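J.: Here's a structure for you.
The values are calculated or read from the model by the stated rules, or taken from the named source; none is laboratory data. Please read these numbers as outputs of a predicted model, since none were measured by experiment. No Cβ is skipped: glycine too gets one built from the backbone with ideal geometry, and neighbour counts run over all protein chains shown. Just the protein is used for accessible areas: all its heavy atoms, side chains included, with ligands, DNA and RNA removed. Shrake-Rupley method; radii C 1.70, N 1.55, O 1.52, S 1.80 Å.
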Amino acid sequence: MSAFPEIDRIAYEGPQSRNPLAFRYYNPDEVVEGKPMKDHFRFSVAYWHTFRGTGADPFGSPTMLRPWEDKVDSVENAIRRVRVAFEFMEKLGVGFYCFHDRDVAPEGASLAETNRNLDAVVRVLKEEQARTGICLLWGTANLFSHPRYMHGAATSCNADAFAYAAAQVKKALEITHELGGANYVFWGGREGYQNLYNTDMKRELDHLARFMHMAVEYAREIGFTGQFLFEPKPKEPTKHQYDFDAAACINFLRSYGLAQHVKLNIETNHATLAGHTMQHELEYAAMQGFLGSIDANTGDLLLGWDTDQFPTDIYLTTQCMLTILKWGGLAPGGVNFDAKVRRESFEPIDLFYAHIGGMDAFARGLKIAAAIRADGRLESLLRERYASWDSGVGAEIEAGQHNFRTLEAYMLGKGEITPNRSGRQELIENLINSYL
């Protein structure tokens, strides 16, 4: 039985369409910069928000109307939910999905029972993947919800919590591999501290690195060749998380010999929580060779916490796509909508409206970014700003032909610097506006 009988497959109808259940800008087969839109984005639905979100918040009970759910988190309900999820994704026209282990199957009374529950649901996930052609972008393990992880998982002061987390990730890697997942994500929900007085930070970071090396070793053992991803987030739920931002994550990976194995999964709302823009985090990760995938959402800057709203800001998606195009794309990563409908948007159809809006926003961002790149005026302004480095002393410095003594002699002879050029910030902002 259909969970969305009133919904047909979402089609592209063009910018003039007034149909809220159609794409106005996302045309999956339209070629932009030599590649179809669908391949630029590799859009993915987040199982946890879209199919497990209840609308509950710290001040109120669940609000979501989900007729396919029952009051018992049973394996049977989990299997029914899989069928619903794939009907939704098939009608939406996305090619990928992502999940935590605890999203897709309930925890049992023991680890063995939990693993059996996962196996039962994974069988159905495989059936639905084969039926629809929808693939797993990435899997991960929920190492933050259960009370056993109150002090963290890989960074816990309790060695048994570390051991349990290792067993859980072992199984999560196995099912990700079985389902053909393209990536596996580490998100340290509680890998951090609340108070330094009772924290041995060095020891905890050593343990986190050991844990990730164990995962890399086991992946090699079972033949999983997908990309490992590390997701930055500065706070929430801990006061300070060790995966604070792209720079902190890259430093950690390099310090502990993980750089060749792990890239980053960058999320917009996490970037803003760290005091950065999404474009900054993307640019920093990409220029260091660590850009792997993105979680597409946005936060409300007036609230200042992780609201995980769907992205609808065209400036944001344009900035994202400018950097992603510049550095060659995301594959084997993708654009995962780690976003949830608002508590007040409680009807099933709102799930379609939300994802359609996000996909259209990214499609517009892609086309605008491609137009900016094709036009060349922004690139020309950038080249002009750095022109002093393309010849003369600038080119000699970049070539390693100078030191402090030679540069002192150069300036003693010249007397004063060549006059600075204007940054043209307002001109550039006007230029960007002209494309939107």
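J.: In Å², what does the accessible area per residue of the stretch 1-97 work out to with a 1.4 Å probe?
T.: Working: 5030 Å² over 97 residues.
Heavy-atom accessible area per residue stands at 52 Å².
J.: Which residue, Gly133, Gly357, Gly423, tops the fluctuation ranking in a GNM of the chain built on C-alpha contacts under 10 Å?
T.: Ranking Gly133, Gly357, Gly423 by mean-square fluctuation puts Gly423 first.
J.: Would you mind working out the accessible area per residue for the stretch 315-369, using a 1.4 Å probe, and quoting it in Å²? Mind dumping the intermediate values first?
T.: Working: 1770 Å² over 55 residues.
Value for the stretch 315-369: 32 Å² per residue.
J.: Probe radius 1.4 Å, ligands and nucleic acids ignored: give me the carbon and sulfur share of the accessible area of the stretch 283-436 as a rounded percent.
T.: Working: 4490 of 8500 Å².
That fraction is 53 percent.
J.: Each residue of the stretch 325-339 in order: what ³J(HN,Hα) in whole Hz does its phi give by Karplus 6.51 cos²θ - 1.76 cosθ + 1.60, θ = phi - 60°, with x for Gly and Pro?
T.: 5, 4, 9, x, x, 10, 3, x, x, x, 10, 9, 7, 7, 9
J.: Among bridges DSSP assigns within the stretch 10-137, what percent are antiparallel (round to 5)?
T.: On the way: 3 of 10 bridges.
So the antiparallel bridges in the stretch 10-137 amount to around 30 percent.
J.: Which value, in Å², gives the accessible area per residue of the stretch 187-271 when a 1.4 Å probe is used on the protein heavy atoms?
T.: Working: 3840 Å² over 85 residues.
On a per-residue basis, the stretch 187-271 sits at 45 Å².
J.: Kindly flag which residue pairs out of Lys239/Lys326; Lys126/Lys326; Lys71/Lys340; Lys235/Lys326; Lys35/Lys263; Lys71/Lys233 have an alpha-carbon separation exceeding 27 Å in this structure.
T.: Values: Lys239/Lys326 34 Å; Lys126/Lys326 35 Å; Lys71/Lys340 21 Å; Lys235/Lys326 30 Å; Lys35/Lys263 23 Å; Lys71/Lys233 32 Å.
In this structure, Lys239/Lys326; Lys126/Lys326; Lys235/Lys326; Lys71/Lys233 lie more than 27 Å apart at Cα.
J.: Please compute the modelled spin-label separation between Ala247 and Asn77, points set 7 Å along Cα→Cβ, answer in nm with one decimal.
T.: 4.5
J.: Then there's this: Hey, could you pull the Cα Rg and Dmax for the chain, both in Å?
T.: Computed over the Cα atoms of the chain, radius of gyration and Dmax are 23.8, 83 Å.
J.: Further question on the same structure: Rounded to the nearest 5, what is the percent of antiparallel bridges among the DSSP beta bridges in the chain? Don't skip to the end; give the middle numbers.
T.: Details: 6 of 33 bridges.
About 20 percent, rounded to the nearest 5.
J.: Which value in deg cm²/dmol, rounded to the nearest 500, describes the helix-derived mean residue ellipticity at 222 nm for the chain, given -39,500 (n - 2.57) per DSSP H run of n ≥ 4 and division by the residue count? It would help to have the intermediate numbers written out before the result.
T.: Values: 16 runs with 201 residues, N = 436.
-14500 deg cm²/dmol, from helical runs alone.
J.: Expressed as a whole number of Å, what is the distance separating the alpha-carbon centroids of the stretch 149-165 and the stretch 255-307?
T.: That distance is 25 Å.
J.: How far, in degrees from 0 to 90, does helix 111-132 lean away from the longest principal axis of the Cα atoms of the chain, to the nearest 10?
T.: For helix 111-132, the angle is close to 70 degrees.
J.: Same structure, new question: With a Förster radius of 51 Å, plug the Cβ-Cβ distance of Ser434 and Asn195 into 1/(1 + (r/R0)^6) and report the FRET value to the nearest 0.05. The partial results should precede the final answer.
T.: Values: r = 51 Å, r/R0 = 1.00.
With a Förster radius of 51 Å, E is 0.50.
J.: Hey, another quick one. Counting only protein heavy atoms and using a 1.4 Å probe, what share of the accessible area of the stretch 1-133 belongs to carbon plus sulfur, as a whole percent? It would help to have the intermediate numbers written out before the result.
T.: Details: 3380 of 6490 Å².
Accessible surface attributable to carbon and sulfur in the stretch 1-133 totals 52 percent.
J.: Okay, next question. Starting from the coordinates of the alpha-carbon atoms of the stretch 284-333, obtain the Kirkwood hydrodynamic radius over all distinct pairs and give the value in Å to one decimal. Please report the intermediate quantities before stating the final value.
T.: Values: mean 1/r = 0.0822 Å⁻¹.
About 12.2 Å, per the Kirkwood formula over Cα pairs.
J.: Turning to a different aspect of this structure: How big is the stretch 219-362 along each principal axis, measuring the range of its Cα positions in Å and listing the largest first?
T.: Taking the Cα atoms of the stretch 219-362, the three principal extents are 46, 33, 32 Å.
J.: Oh, and also: In whole angstrom, note down how far apart the Cα centers of the stretch 1-53 and the stretch 105-148 are.
T.: When both Cα centres are located, 25 Å separates them.
J.: Which residues' amide hydrogens lie under 5 Å from the amide hydrogen of Phe23, considering only partners 5 or more residues apart or on another chain, with H built in the peptide plane?
T.: Amide H to amide H, under 5 Å and 5 or more residues apart or across chains, Phe23 pairs with Ala11, Tyr12, Glu13.
J.: For the stretch 122-222, report the convex hull volume of the alpha-carbon atoms normalised per residue, in Å³, without decimals.
T.: On the way: hull volume 10.1 nm³, N = 101.
About 100 Å³ per residue, rounded to a whole number.
J.: Using a Gaussian network model on the chain with a 10 Å cutoff between Cα atoms, which of Ala120, Ala339, Ala331 fluctuates the most?
T.: Ala120
J.: Using Cα springs under 10 Å in a Gaussian network model of the chain, which residue among Trp138, Trp305, Trp389 shows the largest mean-square fluctuation?
T.: Ranking Trp138, Trp305, Trp389 by mean-square fluctuation puts Trp389 first.
J.: Between Glu6 and Arg421, what's the calculated FRET efficiency when r is the beta-carbon distance and R0 is 60 Å? Round to 0.05. The partial results should precede the final answer.
T.: Working: r = 59 Å, r/R0 = 0.98.
Result of the calculation: an efficiency of 0.55.
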